[in-house]
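The structure appears below as structure tokens.
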Amino acid sequence: MVSMTVELRSVDTTEAALGWAGGHTIVVDRPEGKAGGRGLGFNGAQLLGFAIGGCFCNDLRYVAHDAGLELGSIAITVTVELDGDPLLMTGATMTVACEMLDGSDAQDLIARTTKTTMVTNSIRNGVPVTILNAGPSNTSG
């Protein structure tokens, strides 16, 4: 089993959060004017879209590498559908364009990647999420 951890902390003088994993960072916020949001970063729905599409981008490269195929450019568009109160993701549509350097059609590669891509398959299968209360946040240095 493999596990990965990300960290998020509130950003002083804003109501946004700074997230990091290893040496990479991201800002998470609500849209301007929504519950104190300033639009300083991505919201949850956008992050879900990035998780779906970003994982698929990486997995296309993994599957191609394992098959000895060379890829050119990749273009992915993900649309996340939301509905309800509380607002929930009710679906997502991903459109994939992938250039094969040998000029062949990428449909087989996309189909093989669809079977193995971690984020999309995790969402499809439903993943338990445990939320624990760690008590008051201690973010002061």
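The values are calculated or read from the model by the stated rules, or taken from the named source; none is laboratory data. Note that the structure is a prediction, hence the values are computed from the model and not measured. All Cβ positions, even for glycine, are placed from backbone atoms using ideal geometry, and neighbour counts span all protein chains on display. These accessible areas exclude ligands, DNA and RNA; they are computed on the full protein's heavy atoms, side chains included. Shrake-Rupley method; radii C 1.70, N 1.55, O 1.52, S 1.80 Å.
Please specify each residue of the range 105-125 satisfying the condition of being assigned to a loop (DSSP other than H, G, I, E, B) and either modelled with pLDDT under 95 or touching a Cys at 6+ places or on another chain (Cβ under 8 Å) (or both).
ALA106, THR117, listed by residue number.
Here is a list of conditions, (1) more than 15 Å from the chain's Cα centre (by Cα); (2) surrounded by 10 or more Cβ atoms within 10 Å (Cβ to Cβ); (3) modelled with pLDDT of 95 or more; (4) farther than 28 Å from VAL2 by Cβ, and ASP102 meets all of them except one; can you say which number that is?
Answer for ASP102: the failing condition is (2).
Check off (1) within 21 Å of ARG124 (Cβ to Cβ); (2) open to solvent by 70 Å² or more (accessible area, probe 1.4 Å); (3) acidic (Asp, Glu) for ASP59 and give me the number that stays unchecked.
Of the numbered conditions (1) within 21 Å of ARG124 (Cβ to Cβ); (2) open to solvent by 70 Å² or more (accessible area, probe 1.4 Å); (3) acidic (Asp, Glu), the odd one out for ASP59 is (2).
Here is a check on your reading of the model: is THR93 open to solvent by 50 Å² or more (accessible area, probe 1.4 Å) and touching a strand residue (DSSP E or B) at 6+ places or on another chain (Cβ under 8 Å)?
In short, yes.
This table checks each residue for (1) over 30 Å from ASP105 (Cα atoms); (2) at pLDDT below 95.
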position: THR25; (1), (2): yes, no
position: ASP29; (1), (2): yes, no
position: ALA35; (1), (2): yes, yes
position: PHE42; (1), (2): yes, no
position: GLY49; (1), (2): no, no
position: ARG61; (1), (2): no, no
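Checking the condition free of Cβ contacts under 8 Å to residues at least 24 places away in the same chain and either under 28 Å from SER122 (Cα atoms) or surrounded by 16 or more Cβ atoms within 10 Å (Cβ to Cβ) (or both), which residue from GLY33, GLY49, GLY39, GLY23 passes?
GLY23
Take the residues in the range 75-87 that are within 22 Å of the chain's Cα centre (by Cα), over 19 Å from ASN121 (Cβ atoms) and not polar (S, T, N, Q); name whichever of them is surrounded by the most Cβ atoms within 10 Å (Cβ to Cβ).
By that ranking, first place goes to LEU82.
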